[in-house]
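The values are calculated or read from the model by the stated rules, or taken from the named source; none is laboratory data. This is a predicted model, so every value here is computed, not measured. Here the Cβ positions follow ideal geometry from the backbone for every residue, glycine too, while neighbour counts run over all protein chains shown.
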Amino acid sequence: AQSVTQPDIHITVSEGASLELRCNYSYGATPYLFWYVQSPGQGLQLLLKYFSGDTLVQGIKGFEAEFKRSQSSFNLRKPSVHWSDAAEYFCAVGASNTGNQFYFGTGTSLTVIP
Amino acid sequence: DTGVSQDPRHKITKRGQNVTFRCDPISEHNRLYWYRQTLGQGPEFLTYFQNEAQLEKSRLLSDRFSAERPKGSFSTLEIQRTEQGDSAMYLCASSLLAGYEQYFGPGTRLTVT
């Protein structure tokens with residue numbers, strides 16, 4: 001069965017520090033992988049996506065993620081966090097042979113301290 | 001590109017009442033999805049449409065839930081005889097084709113009292 005695990009429920013980092021949010025997936029086919037960000041009371045904004053090719057993908061707001069097939073991981077990184085990055089982050093997996101429904105992790109809440 | 005819009009943004013209703021939500025996808029997108037998100041959880045898939053055809057429904061979508069996309073443009077999600085357990089954020093998303101990224105609307109927060 002398809003599933004996504006985000007092991008860290010909550011992370012706190014200092015502004016300017018680096019960030020890594022973990023995501024592990026279980027999927028029988030070649031996955032499409034996504035990271036979304038959600039601010040309180042808002043919908044989800046796409047940060048980046050991986051379909052194929054280069055395993056290091058760049059997204060908006062200075063975020064990047066690396067697909068590691070051997071580890072079934074798709075971790076999100078940012079070299080220097082800004083206070084405005086405080087939000088909930090969701091990893092999602094999908095594939096064309098599932099009707100393209102996405103399976104989401106439970107999210108990681110990011111707090112940024114000055 | 002005006003993005004995905006949803007209406008209303010908030011809905012408070014009493015148990016047993018019916019509610020209907022509307023979603024307007026990005027205009028050229030063929031696929032439209034409905035998800036439900038409860039507090040502390042990620043979105044959970046409910047159903048999706050390709051144009052006007054509803055192609056898949058989750059087991060989460062009980063008989064009290066019905067969704068339509070009559071002309072392949074906007075969609076409605078109706079919940080009949082609401083229960084307190086229906087309280088959640090209902091998210092709509094659209095995509096150009098299968099396998100493409102989904103763009104989400106701001107959601108409709110439902111509170112059943």
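Only a single item in (1) more than 21 Å from B:Gly107 (Cβ to Cβ); (2) at pLDDT below 95 is not met by A:Tyr103, and it is number (1). Condition check for B:Glu78 on (1) in contact (Cβ under 8 Å) with a residue 60 or more places away in the chain; (2) away from chain A (no Cβ under 14 Å); (3) more than 16 Å from B:Gln54 (Cα to Cα): one failure, at (3).
For segment B:51-74, check the following and say yes or no: at least one residue is within 11 Å of the chain's Cα centre (by Cα), within 27 Å of A:Glu88 (Cβ to Cβ) and charged (D, E, K, R). So far as segment B:51-74 goes, no, none of its residues is within 11 Å of the chain's Cα centre (by Cα), within 27 Å of A:Glu88 (Cβ to Cβ) and charged (D, E, K, R). The residues on offer are B:Ser62, B:Ser27, B:Ser73, and the sole one that is among the hydroxyl-bearing types (Ser, Thr, Tyr) and either farther than 20 Å from B:Leu96 by Cα or surrounded by 16 or more Cβ atoms within 10 Å (Cβ to Cβ) (or both) is B:Ser62.
Condition check for B:Glu56 on (1) within 12 Å of chain A (Cβ to nearest Cβ); (2) in a loop (DSSP other than H, G, I, E, B); (3) among the acidic types (Asp, Glu): one failure, at (2). Kindly establish whether B:Ser27 is closer than 21 Å to A:Gly43 by Cα, more than 11 Å from chain A (Cβ to nearest Cβ) and at pLDDT 90 or above. The answer is yes for B:Ser27.
Looking only at segment B:43-53, residues that are outside any loop (DSSP other than H, G, I, E, B) and either among the hydroxyl-bearing types (Ser, Thr, Tyr) or surrounded by fewer than 16 Cβ atoms within 10 Å (Cβ to Cβ) (or both) come to 3 in all.
The single condition from (1) in a strand (DSSP E or B); (2) out of contact with any Lys or Arg (no Cβ under 6 Å at 6 or more places or on another chain) that B:Gly40 fails is (1). Take A:Ser72 and tell me if it is touching a residue at least 24 places away in the same chain (Cβ under 8 Å), under 22 Å from A:Ala1 (Cα atoms) and surrounded by fewer than 17 Cβ atoms within 10 Å (Cβ to Cβ). Answer is yes for this residue.
Taken together, the residues in segment A:1-52 that are out of contact with any Lys or Arg (no Cβ under 8 Å at 6 or more places or on another chain), exposed (fewer than 14 other Cβ atoms within 10 Å of the Cβ) and either within 14 Å of another protein chain (Cβ to nearest Cβ) or at pLDDT 95 or above (or both) amount to 13. Among the residues of segment B:88-113, just one is polar (S, T, N, Q), surrounded by fewer than 19 Cβ atoms within 10 Å (Cβ to Cβ) and not in a strand (DSSP E or B), namely B:Thr113.
Could you go through segment A:94-102 and let me know if any residue there is of a type outside the set (Lys, Arg) and either within 11 Å of the chain's Cα centre (by Cα) or within 11 Å of A:Trp35 (Cβ to Cβ) (or both). No; the residues of segment A:94-102 include none that is of a type outside the set (Lys, Arg) and either within 11 Å of the chain's Cα centre (by Cα) or within 11 Å of A:Trp35 (Cβ to Cβ) (or both).
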